[in-house]
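Asker: Following this message is one structure expressed as structure tokens.
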Amino acid sequence: MAYDGKLVRSFSRMDPQKFWLWLVAGCLLITVAIFSMSKFDEIHAAILNSPPSSSSTDVASSNHLVEANDSSEQPDMEQKNATLESNVRCEDEEQRSLVCKGKDEIATNGSTSSIVSDSPSVSKDSLNGTQQLDSLDELQEVGTTSEQNLGLLENATIVENNSFQRTITTDDKQQDGKREDVKLKWKPMCDVSNRRSDLCEIEGDVRILGSNSTIILVTSPEMDGLDRNEVWRIKPYPRKPDKAAMAHVREVTLKTMNNYAEAPQCTDNHDVPAIVFSDRGYTGNYFHDFTDVLVPIFETSYQFDGEVLFLITDFKLWWIGKYLPVFKNLSRYELIDIDNDNRVHCFRHAIIGLKSHDDFTIDPYRSRNDYSMVDFTKFMRRTYSLKRDYVMTIDAKTDRKPRLLIVARERTRKFVNIKKIISMATKLGYEVVVSEGHTDVAQFSQVVNSCDIMMGVHGAGLTNIVFLPVNAILIQIVPWGGLDWVARTYFRQPAMEMNLRYMEYKIMAEESTLIDQYPRDHAVFKDPESIRRLGWNSLKEVFLDKQDVKLNLKRFKPVLLKALKLLYSK
């Protein structure tokens, strides 16, 4: 009680004015302390309980908060909440496109799952495990597909980049009351986004039933954690926009099967990959033999160094025999006529269809292995054991004459004054060889490779430039009719991609035999574009099928002289 008395006397001696000042200051301090504690608790709860955001703009309005996706600015907070790390987003840049190590994106109710990916969103149905794109717009963003394939997809997903893998995490599975993380990885079997060809590349338990044109990928939901359901129908020939070419190409069905017991039993197991393709379409035309099959099969299979098996649908024995050296140098195994084979061939890796970038070309920027037409021509020269890889500069002191090959067509677009052309070229110093080519590819490849210059009117015969040595010269004679785009697409650009030197000669109306068939005021001469606008068939009939060439020797002579100068220049 004495202590209380002293306290009372102390207050009684205090100046009333100072007393009220201290009382106000004390109240302010208490108010600030209470506000600070409640605000800290609110911020702390917001960080721990709010769903994580993948965007750097998802930050709290308070200036005291750091960005939610910047883990480097909140290490202490993560350490304090190590037991709740499953609710904290891993923001490491290396992992942003994958699932964070041991950390799932979990909503506040702990029952939903999401994808950590920069790609269009995919949802996971926790009940049936199916995947689907959120909308048709997203489907179109990912990759273009045909209406036919859309109708066959069922629960499948299309991805433009067929090497991309979706990674999904879910905490829906429960085991002994504890959450079990499940990671699912898969990619659609087929990529239908390429304008020239559909390509399916699959790995796993692949079973090919050639006699009924069916390819099955057997999957295991128990092991994969995902019940895949895909069906695709494609024609394995790389000219899919061309209805005429594709009309007789056999369709192949690819599908997944989730039941091992029901899958057809393997009769032949193979340790090497399979490539399934058709040799129908326009094959039989020399140019299309190369641009539709031989160049694409090289681009698709060369990476395997012969350890690959070819299964061919629409098998044409005579055609395969014509190019047998090519197939033997790409595969060490016997070709299989899959349409007439009742066995069940099983593989771990299969490619259905052929890679194709454009007509008579390989785009190294789109090639998975950086192949180019230079690589293809090297392969062709090696396949046919050709001696010359390069054209060496000719020394004027030597007796060797430059060899000129004239591809003389015998039906359409032929040289009607071929004898005068030969005579002029001989006088200029050429050794002239004249030939249309042979059905024996091996024999004619030797002739082509021995020449320094090849000339001819636009047509399939110019495809033989694949056998020319590097630095050889191609002279393409472009028929009348404004066919510059045809010349450029089919031979000018490919020749340059093969490291050949290219020259072009466009004939005048007077050098075309069309002048004997149509009056000079006809649209054929006045407006060739009007003929082309009628479509390919009209163009082909007039400017390709009805036209022969009578070269103006005086006008053409400088072309041969310039070619000579290129060969003799140092």
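Asker: How many of the residues making up region 328-366 are free of Cβ contacts under 8 Å to residues at least 24 places away in the same chain and within 23 Å of the chain's Cα centre (by Cα)?
Answerer: 4
Asker: Additional query: Show the residue pairs that are 6+ apart or on different chains and have beta-carbon atoms under 7 Å apart, the first residue being within region 516-534 and more than 15 Å from D545 (Cβ to Cβ), the second being exposed (fewer than 12 other Cβ atoms within 10 Å of the Cβ).
Answerer: What qualifies is A523/S530.
Asker: Taking region 231-277 only, how many residues are under 23 Å from S331 (Cβ atoms) and in contact with a strand residue (DSSP E or B) (Cβ under 9 Å, 6 or more places away or on another chain)?
Answerer: 21
Asker: Step by step: first the residues of region 530-547, then only those that are among the basic types (K, R) and open to solvent by 60 Å² or more (accessible area, probe 1.4 Å), then the one that is farthest from K414 (Cα to Cα). Which residue is that?
Answerer: R533
Asker: Is it the case that some residue within region 540-563 is among the polar types (S, T, N, Q) and either touching a strand residue (DSSP E or B) at 6+ places or on another chain (Cβ under 6 Å) or touching a residue at least 60 places away in the same chain (Cβ under 8 Å) (or both)?
Answerer: yes
Asker: Being open to solvent by 30 Å² or more (accessible area, probe 1.4 Å) and over 35 Å from the mean Cα position of the chain (by Cα) is the filter here; which residues of region 512-529 pass it?
Answerer: I515, D516, Q517, Y518, P519, R520, D521, H522, A523, K526, D527 - these are the residues of region 512-529 that are open to solvent by 30 Å² or more (accessible area, probe 1.4 Å) and over 35 Å from the mean Cα position of the chain (by Cα).
Asker: Of the residues T291, T313, which single one is crowded, with 19+ Cβ neighbours inside 10 Å, modelled with pLDDT of 95 or more, more than 24 Å from L468 (Cβ to Cβ) and polar (S, T, N, Q)?
Answerer: Matching residue, one of T291, T313: T313.
Asker: If I filter region 520-534 for residues that are assigned to a helix (DSSP H, G or I), β-branched (V, I, T) and in contact with a Lys or Arg (Cβ under 7 Å, 6 or more places away or on another chain), do I get at least one hit?
Answerer: No, every residue in region 520-534 fails to be assigned to a helix (DSSP H, G or I), β-branched (V, I, T) and in contact with a Lys or Arg (Cβ under 7 Å, 6 or more places away or on another chain).
Asker: Considering only residues that are closer than 28 Å to I216 by Cβ and among the hydrophobic types (A, V, I, L, M, F, W, C), which ones fall in region 351-373?
Answerer: Passing the criteria: I351, I352, L354.
Asker: Could we say that E180 is touching an Asp or Glu at 6+ places or on another chain (Cβ under 8 Å), surrounded by 19 or more Cβ atoms within 10 Å (Cβ to Cβ) and at pLDDT below 95 here?
Answerer: No: the conditions fail for E180.
Asker: Can you pull out the residues in region 196-217 that are open to solvent by less than 20 Å² (accessible area, probe 1.4 Å), hydrophobic (A, V, I, L, M, F, W, C) and in contact with a helix residue (DSSP H, G or I) (Cβ under 9 Å, 6 or more places away or on another chain)?
Answerer: Listed by number, the list holds a single entry, I208.
Asker: What is the one condition in (1) part of a loop (DSSP other than H, G, I, E, B); (2) closer than 25 Å to K243 by Cα; (3) not basic (K, R) that Q547 does not satisfy?
Answerer: (2)
Asker: Something else: Among the residues of region 316-344 satisfying the criterion of being in contact with a Phe, Trp or Tyr (Cβ under 8 Å, 6 or more places away or on another chain) and assigned to a strand (DSSP E or B), which is most open to solvent (accessible area, probe 1.4 Å)?
Answerer: Of everything passing the filter in region 316-344, D337 is most open to solvent (accessible area, probe 1.4 Å).
Asker: Looking only at region 254-288, count every residue that is hydroxyl-bearing (S, T, Y), within 23 Å of R195 (Cα to Cα) and open to solvent by 30 Å² or more (accessible area, probe 1.4 Å) and tell me the total.
Answerer: Qualifying residue count for the region: 2.
Asker: So, one more: From E410, E436, E431, grab the single residue that is of a type in the set (D, E, K, R) and in contact with a helix residue (DSSP H, G or I) (Cβ under 7 Å, 6 or more places away or on another chain).
Answerer: Of the residues listed, the single one that is of a type in the set (D, E, K, R) and in contact with a helix residue (DSSP H, G or I) (Cβ under 7 Å, 6 or more places away or on another chain) is E436.
Asker: For region 273-286, indicate whether the set of residues that are part of a helix (DSSP H, G or I), at pLDDT 95 or above and touching a Leu at 6+ places or on another chain (Cβ under 7 Å) is non-empty.
Answerer: No, the conditions are met nowhere in region 273-286.
Asker: On to the next question. Return the total of residues in region 384-393 being hydroxyl-bearing (S, T, Y) and open to solvent by less than 20 Å² (accessible area, probe 1.4 Å).
Answerer: Of the residues in region 384-393, 1 are hydroxyl-bearing (S, T, Y) and open to solvent by less than 20 Å² (accessible area, probe 1.4 Å).
Asker: Oh, and also: Could you please find all residues in region 470-494 being within 25 Å of the chain's Cα centre (by Cα) and under 14 Å from D452 (Cα atoms)?
Answerer: Residues satisfying the conditions do not exist here.
Asker: Of everything in region 354-382, what is hydroxyl-bearing (S, T, Y) and either open to solvent by 20 Å² or more (accessible area, probe 1.4 Å) or part of a strand (DSSP E or B) (or both)? Give them in sequence order.
Answerer: T361, Y365, Y371, S372
The values are calculated or read from the model by the stated rules, or taken from the named source; none is laboratory data. All figures in this text were calculated on a predicted structure; none of them were measured in a lab. Cβ: placed from backbone, ideal geometry, glycine included. Neighbour counts: every protein chain shown. These accessible areas exclude ligands, DNA and RNA; they are computed on the full protein's heavy atoms, side chains included. Shrake-Rupley method; radii C 1.70, N 1.55, O 1.52, S 1.80 Å.
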